[in-house]
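Data first, discussion second: the structure below is written as structure tokens.
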Amino acid sequence: MLFQGALDLLFPKVCMSCEAQLHTGEELMCTRCRFDIPECNWTNPGDNLITDKLLGRVPLVYADALLYFEKRNKTQKLIHELKYKNQEHISKYLGLWHAEKLKRNAWTSTIDAIIPVPIHAKRKRDRGYNQVEGYTKALCQKLNCEYNDKLLYRKHYSRTQVFKNRLARTGVIEHNFILNPKAVKSNYKHLALADDLITTGATAEACFIQLSKLKHIKLSLLVMAVAA
Ligand SMILES: [Zn+2]
């Protein structure tokens, strides 16, 4: 403890959102930011902003988001730190927070496994981590379900394909995923996909197009944040 105290004096921990110095017992975000950050607090997992965004596009049954994302709000700052500033621990932090809220809902008790949206191998090499992994693992641990990162893969692109995709810019071609049927277990009846941020829903849609090839499996979506 003494050592930790000395470390804190040398390198004071600051709030990820407002950069105020953190007090004892505060982790990652100060109490004020944690209070101010816009939480979704939805009451209907079958009818909300995300199910509306994806309505008619994929066979999504339930969805939930922890936070609202807006330009220059506290959520944007957190997601930015997570994705571009090497702050991988934000992922687990948001997963534990979201799980605490989801545990109270009956629908999450039937989830058999959660699948993190895979990122390109090159991006993972550059960033050093998949920013959704910590979040997904925390959810799995707290909701007692399996972590499955073998079910979906990103398609590997050749140079020419990447070039073509840059030209295309349609969103659909850029998000190509492959389903690995060998990673499907016979007990699966309800699977959830986990992602960091839903804006248009194009990435989630591309994943669900693959997952919906599995028959008689209910599909849900859990995300750190949704664009309001
Ligand atoms: Zn703060």
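The values are calculated or read from the model by the stated rules, or taken from the named source; none is laboratory data. Because the structure is predicted, anything quoted here is derived from the model rather than measured. Methodologically, a virtual Cβ is constructed for each residue, glycine included, from the backbone with ideal geometry; neighbour enumeration extends over all protein chains shown. Note: accessible area is taken over every heavy atom of the protein model, side chains too, but ligands, DNA and RNA are not part of it. Shrake-Rupley method; radii C 1.70, N 1.55, O 1.52, S 1.80 Å.
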Out of the range 210-228, which residues are closer than 22 Å to residue 131 by Cα, open to solvent by 10 Å² or more (accessible area, probe 1.4 Å) and not polar (S, T, N, Q)? 227, 228
Count, please, the residues in the range 60-104 that happen to be within 16 Å of the ligand (Cβ to nearest atom) and among the polar types (S, T, N, Q). 4
Report the residue count in the range 136-152 for those that are within 20 Å of residue 106 (Cα to Cα), of a type outside the set (Gly, Ala, Ser) and surrounded by 18 or more Cβ atoms within 10 Å (Cβ to Cβ). 6
For residue 26, indicate whether it is at pLDDT below 95 and either within 13 Å of the ligand (Cβ to nearest atom) or touching a helix residue (DSSP H, G or I) at 6+ places or on another chain (Cβ under 9 Å) (or both). yes
So which pairs qualify, if the first residue must be in the range 34-50 and open to solvent by 40 Å² or more (accessible area, probe 1.4 Å), the second must be within 16 Å of the ligand (Cβ to nearest atom), the Cβ gap must be under 8 Å, and the two must be at least 6 apart or on different chains? 36/74; 38/67; 38/73; 38/74; 38/75; 39/67
Could you please give the count of residues in the range 51-68 that are part of a loop (DSSP other than H, G, I, E, B) and either open to solvent by less than 50 Å² (accessible area, probe 1.4 Å) or out of contact with any Leu (no Cβ under 8 Å at 6 or more places or on another chain) (or both)? 5
Could you identify the single residue in 44, 73 that is modelled with pLDDT of 95 or more and over 17 Å from the mean Cα position of the chain (by Cα)? 44
Taking only the range 69-94 into account, find how many residues are open to solvent by 60 Å² or more (accessible area, probe 1.4 Å) and of a type in the set (Phe, Trp, Tyr). 1
What about residue 43, is it within 27 Å of residue 130 (Cβ to Cβ) and of a type in the set (Ser, Thr, Tyr)? no
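Can you tell me which residue in the range 82-106 is modelled with the highest pLDDT, limited to those that are among the basic types (Lys, Arg) and more than 11 Å from residue 134 (Cα to Cα)? Step through it out loud before you land on a result.
First, the residues of the range 82-106 that are among the basic types (Lys, Arg): 83, 85, 92, 101, 103-104.
When the remaining residues are screened for being more than 11 Å from residue 134 (Cα to Cα), the result is 83, 85, 101, 103-104.
Values: 83: 93, 85: 91, 101: 96, 103: 93, 104: 88.
In this case the residue turns out to be 101.
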